[in-house]
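Each remark here refers to the structure printed beneath this line.
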Amino acid sequence: MKKGRSKKYRAIERLRILSQAVFFGLFLYLFFGAHYTGEDYIGSTVQRFFHFDPLLALVTIVSSRLVYAYFAFALVTVVATILLGRVFCGWVCPLGAVHQFSSFAFKKTKFLRPPREDKASLAPKYYILILVLVGAIFGLDLAGYLDPLSFLTRSLALAVLPSVAMAVSGLNGILYSIGAAGLARTLSQALQNWTINVTFIQGFSVGLLFLGAIALNARKERFWCRYLCPTGALLGLLSRWNLIKVRIDDEKCIKCGLCTQHCETQAHPYPNDGWKSGECIYCQNCASICPTAAIDMRFSARPEKLTNVSDVNLSRRKLIVTTLAGIVAIPFFKLTPARKRASLKLIRPPGALAEDKFLAKCVKCGQCMRACPTGGLQPVLTEAGPEGFYTPMLVPKIGYCEYYCSLCTQVCPTGAIRKLTIEAKNKLKIGTAWVNKSRCIPYVLGKPCIVCEEHCPVSPKAIKFIEYEATLPDGTTAVQKAPVIDQELCTGCGICENKCPVMDDPAIFVTSVGETRSATNRLLLDISSGAPEDPYK
Amino acid sequence: MKRRDFVKGIAAAGLALRFGPRAFAGQAASLGPLPALAAVEGESPAAITKEAIAVLGGMGKFVGKGDRVVIKPNIGWDRTPEMAACTNPEVVRTLVELVLDAGAKKAIVIDNTTNQAKRCYVRSGIQEAVKQAGGDMLFVDDYRVKKMPLKGEWLKDWEVLLDVVEADKLINVPIAKHHSLCRLTLGGKNWLGATAGARNQFHQSLDKTITDLSAFFKPQLTVLDAYRILVRNGPQGGRVSDTELRKTLIAGTDPVAVDAYGASLFGVEPRELPYLGLSRDRGLGEFDLGKVRIEKRKI
């Protein structure tokens, strides 16, 4: 009995592609929105996606022991997954869309030849999930490194978008040189309007990881989703009872194996009892490709056998070993002097919670770094210990904290940075400025400068000047205005360090001490004891 | 008596003594040659701007048909207009309108800001004002910055904004502010915003920098916004209490005289500002207001 392909499932497959495109577009749109638009308060950005992510919700709440109300949206995804299976992965996830599209591209370009049948173990993502969950119990937030939303946002913000902006800027140079000044000007003005930061300390590593994750699709379709994604694993575990089952009509089936060969996630639709509901993402490839339209997605309330959920050899013994390994390994993250004494360079964004809670909540998505209008927020390499890798810190040499801006606090998806009004933000100290008198121009060279004083944004200024008599190498003296700092007024914004003309190692610099969020990283017990007295009011 | 009032009183008295007779002479002579300086006081920033330009003979005297005119306000800081850190947006709007009405092809407004550019452009209110008036607001473009010979006494060559250099006509629109290093920032100091590069090194000899830049950028017209001036915590202030309402606008063809008049609003003698002396010696203008034809009006 020969019959053509199913038109119905081909249509649903197209609908799935459309859905992926729409969600990816929405994701990009919200992502682009996280910058200074001309409004002080920018409303919803891509953090809304994060709130629907059950893994981030679970891990962040458990690791920080703090409930964050926005994560209630994650219940929508949980319920949808219980009822319908991993449709989030197949139809919504923007990183899934990137992987599926690149898999498709690799297939079309013959970089990828689908094997007849895939036998590789699907277990790694479950082990990753277990490690992440065990970490959460110990107050460690590891979810952000491999969570698809966090991974994609970070990659776009710190590597892809900066590269595109640099490429456009380079193109502008060419356009100007060939006389197309009008177009070049339009592009350069647009780039400024989007306020795209192009300098990121870790841009290189973030970019390479992103390219690597995409390149893996040349080996297996949706490699990430099959083997690595802890969010997919969590949703897989919830898929035992879902109502939609992939079923093959044995009478129509010609046992060609195309369905299993083209399955994106190794869910093994053939034979019927080999299908893994925990792996299927309902992409409709199998039902659409079946030459005899033998495959159906049917509603059925019967729960799958546990072995059928994923059937990935998750033996009890291995699970216990992984859990134990996690319990042993995870404290390694805590073996860091960062817990004894604050790091001087670790200037967190305004509104960041106290370091323990901050580390437990930050998912390293890089949204704050994308939003920072001066590009001063940078991914941490070592300053915060191993668990702080990719968390944000202000590097004043690169960019300072703009006085009337609270964008980073508005875009944080997990509340690791508390949402602040601009007025509230300006009452906070994120650090304290210091003058290095052995490098400062008036102190050492006896020349006028006080650029730092000019730029200090608080009024009255936290940087004052005194008349200082410098003794020069030839024994003569020179009197100049030289900066001194009123620690009580200083907010630690870092514009002084940023604008200091001593380029390599600025003669005025900010360290984290005195930050409002810390009860221990303090300078004086009564610092900020009250509002500074205003001599002009 | 508050200190502010005291300063005001001194300034007013000084002005009356110094320029009183001159002002009458100016008025009497207004039928003859045009004044080099117009100082207009009034409630509306737009109206005093229009009046000052009219006193100088109208915008048509400075801008020709088809000109590409660059208007250079001070948009250096991420501050709203009531902080008096950036030029009053209504003054800039009025100038854009006048320039376009005079037949200019383009009215371009640009400044190399100190804080993040877009924030300064938006929050100063200038971007919106220029857009509404039909002018072009430009961000500084890295490819439109060029190191050029300034042939100054201190600055031999420096990076400058080509958009400013290539203008057919140039109007400098500073705001009068306190400055901690050079005491006051007026028209000459505003040219720092038309340069790029390591501008933070200018402070090592700010008076010479101002003079060299003033000699390089020669504006057809200088319009000093003193509607609201910044009297302390300069050059960016941060509170309304750092400012004083003076409701004055000074326009002139002699940039040094404009700055000298601006200084008088702060009770500062022009000869107390070294850059005015250096500028005069360089032949850029006159700071002795007794020698300048001034017309003062109140509307």
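Read-outs: derived from the displayed coordinates by stated rules, not from any lab. The structure presented is a predicted model; accordingly, all values stated were derived computationally and were not measured. For neighbour counting, all protein chains shown are included, and Cβ atoms are generated from backbone atoms with ideal geometry for every residue, glycine included.
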query = Rg (Å, one decimal) plus Dmax (Å, integer) for the alpha carbons of region A:325-480?
reply = 19.5, 68
key: Environment charge at A:Leu191 (Cβ cut-off 14 Å; Lys +1, Arg +1, Asp -1, Glu -1)   = +1
query = Among A:Tyr282, A:Tyr227, what is the fewest-to-most ranking by other Cβ atoms within 10 Å?
reply = A:Tyr227, A:Tyr282
query = Just counting partner chain Cβ atoms within 10 Å, what average do the residues of peptide A:29-38 show around their Cβ?
reply = 2
ask   = Using only Cα atoms, what is the ratio of the radius of gyration of region B:3-298 to 2.2 N^0.38 Å?
value = 0.91
task = Give me the orientation-averaged projected area of the Cα convex hull of region A:1-125, in nm², one decimal.
result = 12.7 nm²
inquiry  = Compute the helix-to-body angle for A:203-215: its Cα long axis versus the longest principal axis of chain A, expressed 0 to 90° and rounded to tens.
reply    = 10 degrees
request  = Could you tell me which of rounded, prolate or oblate describes region B:92-147, using a ≥ b ≥ c as the square roots of the eigenvalues of the alpha-carbon gyration tensor, with rounded for a/c under 1.5 and, failing that, prolate when a/b is larger than b/c and oblate otherwise?
outcome  = oblate
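Just check region A:134-215 against the gyration tensor rule for me: Cα atoms, a ≥ b ≥ c as the square roots of the eigenvalues, rounded for a/c under 1.5, and otherwise prolate or oblate depending on whether a/b exceeds b/c. Mind showing how you got there, number by number?
On the way: a/c = 4.12, a/b = 2.92, b/c = 1.41.
Since a/c reaches 1.5 and a/b is larger than b/c, the shape of region A:134-215 is classed as prolate.
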Mean Cβ neighbour count within 10 Å, used as a protection proxy, ranking A:369-375, A:334-340 highest first = A:369-375, A:334-340
task = Let me know the mean shielding of A:456-464 by other chains, meaning the per-residue number of their Cβ atoms within 10 Å of its Cβ.
result = 4
request  = Could you pull out every whole DSSP H run in chain B that spans at least 27 Å of Cα extent along its own axis and averages -0.5 or higher on the Kyte-Doolittle scale?
outcome  = B:3-28
message = Using a Gaussian network model on chain B with a 10 Å cutoff between Cα atoms, which of B:Glu244, B:Glu286, B:Glu153 fluctuates the most?
response = B:Glu153
key: Tensor-based shape of region B:104-259 (alpha-carbon gyration tensor, a/c under 1.5 rounded, otherwise prolate or oblate)   = rounded
Where chymotrypsin sites (Phe, Trp or Tyr not before Pro) fall in DSSP loop in region A:74-181, at most 13 other Cβ within 10 Å = none
ask   = Quick one: net charge of A:Val451's neighbours, Cβ under 12 Å, K/R +1, D/E -1?
value = +1
remark   = Simple SL model, points at 7 angstrom along Cα→Cβ for A:Ile82 and A:Ala165; separation in nm is 4.3 nm
note = So for R0 = 35 Å, FRET eff. of A:Ile327-A:Ala105 from the Cβ-Cβ r, to 0.05, ends up at 0.25
ask   = What nm distance separates the two modelled labels at A:Leu319 and A:Thr476, each placed 7 Å from Cα along Cα→Cβ?
value = 8.3 nm
inquiry  = Please check: in the Gaussian network model of chain B (C-alpha springs, under 10 Å), which one of B:Arg144, B:Arg79, B:Arg183 has the largest mean-square fluctuation.
reply    = B:Arg144
remark   = If A:Thr199, A:Thr322, B:Thr87 are placed from fewest to most neighbouring beta carbons inside 10 Å, the sequence is A:Thr199, A:Thr322, B:Thr87
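Given just the C-alpha atoms of region A:268-404, how large is their convex hull per residue in cubic angstrom?
210 Å³
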query = When the Debye formula is applied to the Cα atoms of the protein assembly as shown, each taken as the same point scatterer, what base-10 log of I(q)/I(0) results at q = 0.05 Å⁻¹?
reply = -0.36
query = Working out 0.36 nm times the residue gap between A:Ile174 and A:Leu243, then minus their Cα-Cα distance, what length gain in nm do you get to one decimal?
reply = 19.1 nm
ask   = Separation of region B:225-268 and region B:42-77 by C-alpha centroid, Å?
value = 17 Å
inquiry  = What percent of all Cα-Cα pairs in region A:429-537 falls into each 5 Å bin, going from 0 up to the bin containing the maximum distance?
reply    = 2, 13, 21, 21, 17, 13, 8, 3, 1, 0
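If R₀ is 30 angstrom, what is the calculated FRET efficiency for the pair A:Leu525 and A:Arg339, using the beta carbon separation as r and rounding to 0.05?
Values: r = 22 Å, r/R0 = 0.73.
The value I calculate is 0.85.
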ask   = Taking Cα atoms, how many degrees apart are the long axis of helix A:161-177 and the longest axis of chain A, rounded to 10 and kept between 0 and 90?
value = 70 degrees
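Within chain A, which is the longest segment containing none of the GluC sites (Glu not before Pro) that sit in a DSSP loop and have at most 10 other Cβ atoms within 10 Å?
Here the longest segment lacking exposed loop sites spans A:252-532.
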query = Is there a simple number for the mean count of other chain Cβ atoms within 10 Å of the Cβ of residues in B:107-118, and what is it?
reply = 3
ask   = Any idea how far the Cα center of region A:342-406 sits from the one of region A:193-265, in Å?
value = 30 Å
ask   = How far apart, in nm, are two points set 7 Å out from the Cα along the Cα-to-Cβ line at A:Gln189 and at A:Ser300?
value = 6.3 nm
key: Given charges at beta-carbon only (K, R positive; D, E negative), |dipole| of the protein assembly as shown in Debye   = 2800 debye
ask   = Taking R0 as 30 Å, what's the FRET efficiency between B:Lys298 and B:Gln220 from their Cβ-Cβ distance, rounded to 0.05?
value = 0.70
request  = Rank B:Gly152, B:Gly188, B:Gly252 by mean-square fluctuation in a GNM of chain B with C-alpha springs under 10 angstrom and give only the top-ranked residue.
outcome  = B:Gly152
inquiry  = As I understand it, the value is the acute angle between the Cα axis of helix A:316-329 and the longest principal axis of the Cα atoms of chain A; what does it come to in degrees, rounded to 10?
reply    = 10 degrees
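Between A:Lys119 and A:Thr382, 0.36 nm times their residue separation minus their Cα-Cα distance comes to what?
Taking A:Lys119 through A:Thr382 to full extension adds about 90.8 nm, to one decimal.
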note = Cβ density ranking, 10 Å radius, fewest first, applied to A:Val435, B:Val256 yields A:Val435, B:Val256
task = Express in nm, to one decimal, how much length is gained between A:Phe73 and A:Asn436 on full extension, taking 0.36 nm for each residue of separation and deducting their alpha carbon distance.
result = 125.7 nm
ask   = Under a Cβ-Cβ cut-off of 13 Å, what is the net charge of the residues other than B:Thr113 that fall near it, where Lys and Arg count +1 and Asp and Glu count -1?
value = +4
